[in-house]
Structure formats: structure tokens, C-alpha cells
Amino acid sequence: MTLNRTLGYGLALAVALAAPFVGYPVFLMKLLCFGLFACAFNLLIGYTGLLSFGHAAFFGGAGYITGHALTVLGLPFEVAIVLGVLAAAALGFVMGLLAIRRQGIYFSMITLALAQMVYFAVLRAPFTHGEDGLQGVPRGKLLGVVDLGNDLTLYYVVLAICVAGFALIVRTVHSPFGQVLKAIKENEARAISLGYDVDRYKLVAFVLSAALAGLAGATKTVVLGFETLTDVHWSMSGLVILMTLVGGMGTLAGPILGAFLVVALENKLGDLGNFLAGTTHVEWFASLGESVGIVTGLIFVACVLLFRRGIVGEIAAVLHSPVSRRRT
Amino acid sequence: MEIFGVPLQAMMSQLLLGLVNGSFYAMLSLGLAVIFGLLNVINFSHGALYMMGAFAAYIGVTSFGLNYWTMLALAPLVVGAFGILIEKTMLRWLYRFDHLYGLLLTFGITLLLEGVFRSIYGVSGQTLDVPEALSGATDLGFMILPNYRAWVVFASLVVCLATWFTIEKTRLGAYLRAGTENPKLVEAFGVNVPLMVTLTYGFGVALAGFAGVLAAPVINVTPLMGSNLIIVVFAVVVIGGMGSILGSIVTGLALGVIEGLTRVYYPEASEVVVFVVMVIVLLLRPAGLFGKEK
């Protein structure tokens, strides 16, 4: 089992290291950032049982702070990223403090409402340039030496950032702290009766998740060189839920796979539509590119109804359960 | 005459606008509360179904030559029937799992509905004319009252109070309340609870459709009109708590008025004031104004 896992990680890392020689580096970096974002979100839903509907606020918020720091303040790359992460963590602290005052479904509604407040703040704040967003964010130099203008160089920096973030999540999940989070997810009342300060654990998990989502958002801004309102909009919060759901909530690798699939789908849906229209001669397929909403909605509904465990979750269930339990 | 430096006329018209918005908040949060009470599901698609009600009215009037009043009766039925379809074919299978899945499913349905309407009607808005009988305005002396807006407030108050009366004072309502407390026991007494659940969902959703028809002549009918509203309504629900029917109605109207007042005195904050109130309520009274934790 442990050997398998080590092998798996090694293989994934090897693929990630070789990938930019095969694929387009900027697209790969985008995949990595969304993978980290989904993993950060999964830390809450999959390992603490909290469904946040407001993670766009951290992802986009950090993106704006980092973008502003690089473009207007002219700060170095590392400082800008750290500032973005700190901002996301601070925002996560405030939002978490408010949201954990209510349980279950109310928690989700509160995070959604607070994130909408952040959305309006970003829309109105002067430094974000409203509908236009931040344009032409410079990449700068790593530690003042390594020029990040080169896509390949930036790719390995981004890979290092995402692997570090992922490692932190793995470490957290397997730590005693992670075990307490799991206990809260399984049975909150019992965790309280065992003497755990449940609210404090939830808050720390929330801040950690927000900070990592911020790291993903900040890195994404540097990669793409712009930041727009899309990243703070509620549909982004929905998208990260979809990524996690598709890949498998509460699995370590699932959200990464889910993020890859969803981002790839969003980018390639037009091509897929044209291909289908060409082969089947059904005109409607040609407009598939503009119907991202319909397709994501359908996947959402199908996942919730048919495979709630997600791709990785379903595979794990087949591999690990005896034949008799396989049909559940 | 002026109140804190604002002319009475402007003040009253903003207050009325607030009441109109408040009526929509009240009707939608009422539907959410009724559904949540029995199904334990937060119906994210409530906003999309409100949008569907408005579009049903628009389509009925422009394509089928029906008038506003027919659509006011017909659109809620269409939306309600659609809701029953959702409940029967999809939502039903999720009751035995975590409540979160109900929220996620209805979120997916929202994206789907918005996507479908977007691919047909685009993002630009459609407008519906105010029915002839309600066009024009009445001069009340201290303000000019647009008849249609008065009708929106009146109609939604009647519907809300009728709902309250049915749930709190009739035999059917007693079954419903009992079903909220303990569905197994109610079923043991011979009440068809699954049917009741289906009809409740249909009714809650029909309320959203009704609100959509009422809204169609006063706002731009766009595929996205529901999702912006539903987030505010969620905040309203958090503020009021979903324990009390009358509580949802009062909270909805009150927040509409607060929003209207904010638009007079500090317009920049008017789109976030409901969220600010939510934060204050969470700090002072975490369970919500009328809430009991569930």
C-alpha cells in the first residue's frame, strides 16, 4: 500500500516534470493552479465536512492582491505571492469566524453570501479596475535572479509551488490534527464530548484552506498575466465544487484529476463541439462551445445522482472492497 | 417637506421600491423555508425557477397572445409542475444521503436552466409591458404611487398570508407541520408523506414562479436574474432563520425596506447592506432572528 502510494507519487511527479516538453506550458500551469485550488477546497469538504460556497473570494482575492503588488507596487515575485496568500488567510479568518457560528447548510449559505460581498467590494474598489480587471501583470524575477519570463522556467517554479501546497495538504490530513478534523466530519457531537474545541479546529482548517486557495489564485494571476472578476464570482466557487465532486471528495488525488478534467473541458468544449458537429452532422453541437453552463450543469447533476464518490473514489471503492460489497 | 435632507417624494418612492424588492425576498424565502422544513433541502434552483416564471410569462404573452392575468395563474402551475418533475425524478433519490447533496443537485439544475435559457435568449434582457388595468399612477398627495408596484406588494402580501394561514391554521397545514417534526410517525397514521413532500416542493417552487411573473413587468427579464437574487435571499434566510413562516415574511419585507432606505442615504452600500445585516445578526444572535437550530 505505502509502496504503491510512493510509486504513484513518483510516477505523477515524473509525468509532471516531462509534461512541458509535450504540452503547452501555460495551459499546464493553469491546470496545476486549479488542481491546487481544488485540493485546498477538498481539505474542507472532504476532510472536515464543511461545504464552503465562497472559495472564489480567496482564489480571486489573492489574485487581485498579488496582481496589484506586481503591477502597481512593483514588488518582487515572492513578496507578491506571499502578500496574496496572507490576504486570503486574513479573509478566511474573518469569513470562517462568522460562518462557523452556524452548522450544516447554513454554513454554505453564509460563505456564499460573504463571498458575494467580497465580489461587490472588488467590483467597486478602485485598484481592481472593475469590469476591465488587472491587465499586463509582469512575472518578475524569482529571488531577483531567475527570469520568469520564460514559460519553461515559470512552469517548474509553479510546479514546485503546487507540489509544496499539495504536500502540506497530505501532511495535514495524516497528522493528528487531520484526524481530529475527520472526527468532526464523522460525528461533531462526539468530537465535542471528547473535549475538542471543535470551532477552533474548524477555523484553523478554514484558514488553511483559504490560504492555499489564495496561493493557487495568486500563482494563476502571475501565470496568465491578468486577473478579472470571473475569479471572484460565485460561479468560480461552484466550479471548484464541481472539480472536487468529479474527482472524488475526500480523496487526495481526486480533486487534481477533477480540476484537470473540468479545465480541459472548459477550454476544449468548442473543439469537441465542432468535431461532433462534423462527424454527426447535428448542427446543435457546433454551438457547444457557448453552452459551457449547460454541460457543467449536466455533469453536476449526473455526478450527484450517479457517482457521488467521484472518479478516484469509485476506483478506490472497487479496488478495496470485497466482491460482496462492490455493488453498494 | 424633507426627512434628514431627503425630499419626502424621493424617500417614499425608494421605500416603495424597497417594499417591492422585499415582497420578492419574502415570497422566495418563504418557499425556501417551506421546502427546507419538510425536505431538509436548500433549493438552490429557487432563483432559476423564479427566472423561469418570468420567462414563462414573457413567452405566454409574446408568443401565445395570452394576457398577463392568465399567465399569472398559468406560469406558477407550469413552474410547479416542473418542480414536481425535478422532485420525482432526481431529488427523491438523495433524501437518504447528506443534505449537502440536495444543495449540490439543485445548484447543477440552476446552471443547466440558466444555460438553456441563455442559449435561446442570450444575456440581454427582455421586457414585458405592464398590464393595462395597472398602468399609470395614483397621486396620493404626498407621493405618486405607480399602480403596478402597489399591486406587486399587495399580491405578494396576500399570497404570503394565505400560505401562512394554510400552514398554521388548517388541517392540511397541521399534517405538514407534523411531517416536519416527525415524518415516520405521520406516515404511520396513514398520511401519504412522499406525496406530501412532492406537493410541498411543487408548491414552494410555484411560489417562486409566481414571484417571477410579478417581477417580469418591473425588471429586465434575463436568464441571470435569478442567481443574483437567490444569494441575497440566502442571506435573508440566514438572518431570519427558517423556523418560522411569519418570520420569513417579516424578515423579507423588512430587509427590502432597509435596502430601499440605504439607497436613499448611502447608495454605494445598497447592494451589500443585506449581507452587512447578516454579519451583524450572526455576531449578535447566531441562530437568526426567528430561528431554532436544526
For the range B:141-164, indicate whether the set of residues that are among the β-branched types (Val, Ile, Thr), out of contact with any Phe, Trp or Tyr (no Cβ under 9 Å at 6 or more places or on another chain) and under 27 Å from B:Arg96 (Cβ atoms) is non-empty.
no
Conditions first: (1) within 14 Å of chain B (Cβ to nearest Cβ); (2) without any contact (Cβ under 8 Å) to a residue 60 or more places away in the chain. A:Gly96 passes all but one, so which condition is the exception?
(2)
Considering every residue within the range A:236-254, establish whether at least one is buried (at least 24 other Cβ atoms within 10 Å of the Cβ), out of contact with any strand residue (DSSP E or B) (no Cβ under 8 Å at 6 or more places or on another chain) and assigned to a loop (DSSP other than H, G, I, E, B).
yes
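The numbers here are math on the coordinates, done by the rules we state, and not lab data. Quantities reported herein were computed from a predicted structural model and do not represent experimental measurements. When we count neighbours, we look across all protein chains shown, and the Cβ atoms used for this are built from the backbone with ideal geometry, even at glycine.
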